[in-house]
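Report on the following structure.
The values are calculated or read from the model by the stated rules, or taken from the named source; none is laboratory data. Keep in mind that this is a model prediction, so the values were computed, not measured. All Cβ positions, even for glycine, are placed from backbone atoms using ideal geometry, and neighbour counts span all protein chains on display. For accessibility, only protein heavy atoms count, side chains too; no ligands or nucleic acids. Shrake-Rupley method; radii C 1.70, N 1.55, O 1.52, S 1.80 Å.
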Amino acid sequence: IAKKFLSLGAKVTITGRNLDKLNSVKKDLNNSNLIVVEWDIAKTNLIDEKVNETVGKMGKIDILINNSGIYAPNSFFNTDEKLFDEIMNTNLKGLFFTSKKISVYFIKNSIKGKIINIGSVRSFQGGSEAYGISKWGVRGLTQGLARDLIKHGIVVNAVAPGITATGINGINIQNNAYTSSSLDKSVAMPEEIAEIVIFLSSSSTNHIIGQTIVCDG
């Protein structure tokens, strides 16, 4: 997603808990429009500070992509409270309070911004594991924020990927893209998800409100 925005000339901030990884990405991409901010959104007490830092480095924020996520395959019976809280704090609580801070920023500065949440196809499937529950929350929050923020000119939507070739599941698209779980027998590529995010971030979609676009084959 960041690479696609950069290719279109946008100024982009990527965030994460590991500054060394962020700086490695910045070095590899070698693009002066790329900014890095060390930021664990699960730590809600840091959100004001980190948003202010990002605005200071960017100059302005127009689009928020909520893409932080923790995945664990643990079932209902082998999920303890620590794991449950870890997943919820990053996937849902952090997303909630980051969106709140950015929304206040948008409104205060009369910015008709966009918020794009990265959900999951799990948000359309019944589930008793913490990851699936968190993604149900993301889909519901997407609808609720969209309804409440559109009067300020802020448009909120989401993308729900199916199995995607990213680090979270260790799939190497160069080796094998096959999966039996989708009708087209292929996992999604990150570039495919990025194209949907770009579409939802554009003025072409100002009349699409509170939707979650599924990309799962």
PHE5 being among the aromatic types (Phe, Trp, Tyr), open to solvent by less than 90 Å² (accessible area, probe 1.4 Å) and within 22 Å of LEU145 (Cα to Cα): no
All but one of (1) crowded, with 22+ Cβ neighbours inside 10 Å; (2) over 21 Å from THR44 (Cβ atoms) hold for VAL138; state the number of the condition that does not hold. (2)
Scan region 27-54 for residues that are free of Cβ contacts under 8 Å to residues at least 12 places away in the same chain and either touching a Ser or Thr at 6+ places or on another chain (Cβ under 8 Å) or in a helix (DSSP H, G or I) (or both) and jot them down. LYS27, ASP28, ASN45, LEU46, GLU49, ASN52
Could you tell me how many of the residues in region 107-135 are closer than 30 Å to GLY59 by Cα, crowded, with 21+ Cβ neighbours inside 10 Å and over 13 Å from the mean Cα position of the chain (by Cα)? 1
Test: residue in region 65-76 that is assigned to a helix (DSSP H, G or I), at pLDDT 95 or above and out of contact with any Lys or Arg (no Cβ under 9 Å at 6 or more places or on another chain): no
The lone condition LEU145 fails out of (1) open to solvent by 30 Å² or more (accessible area, probe 1.4 Å); (2) out of contact with any strand residue (DSSP E or B) (no Cβ under 9 Å at 6 or more places or on another chain) is (2)
Looking at region 39-53, which of its residues are open to solvent by 50 Å² or more (accessible area, probe 1.4 Å) and among the charged types (D, E, K, R)? LYS43, ASP48, GLU49, GLU53
Residue in region 54-62 that is over 24 Å from ARG147 (Cα atoms) and surrounded by 17 or more Cβ atoms within 10 Å (Cβ to Cβ) present: yes
Can you spot a residue in region 169-188 that is closer than 24 Å to SER99 by Cα and either at pLDDT 85 or above or open to solvent by 80 Å² or more (accessible area, probe 1.4 Å) (or both)? no
Taking first residues from region 1-17 that are in a strand (DSSP E or B) and second residues anywhere that are surrounded by 16 or more Cβ atoms within 10 Å (Cβ to Cβ) and polar (S, T, N, Q), the pairs with Cβ under 6 Å that are 6 or more apart or on different chains are THR13/THR54
Which condition from (1) open to solvent by 60 Å² or more (accessible area, probe 1.4 Å); (2) within 15 Å of the chain's Cα centre (by Cα); (3) without any contact (Cβ under 8 Å) to a residue 60 or more places away in the chain is the one that GLU86 breaks? (2)
So TYR131 fits all but one of (1) free of Cβ contacts under 8 Å to residues at least 60 places away in the same chain; (2) in a helix (DSSP H, G or I); (3) within 27 Å of GLY217 (Cα to Cα); what number is the exception? (1)
Being surrounded by 17 or more Cβ atoms within 10 Å (Cβ to Cβ), in contact with a helix residue (DSSP H, G or I) (Cβ under 7 Å, 6 or more places away or on another chain) and over 25 Å from ALA160 (Cα atoms) narrows it down to one of VAL12, VAL36, so name that one. VAL36
Taking GLN174 as meeting all but one of (1) outside any helix (DSSP H, G or I); (2) closer than 20 Å to SER68 by Cβ, write down the number of the exception. (2)
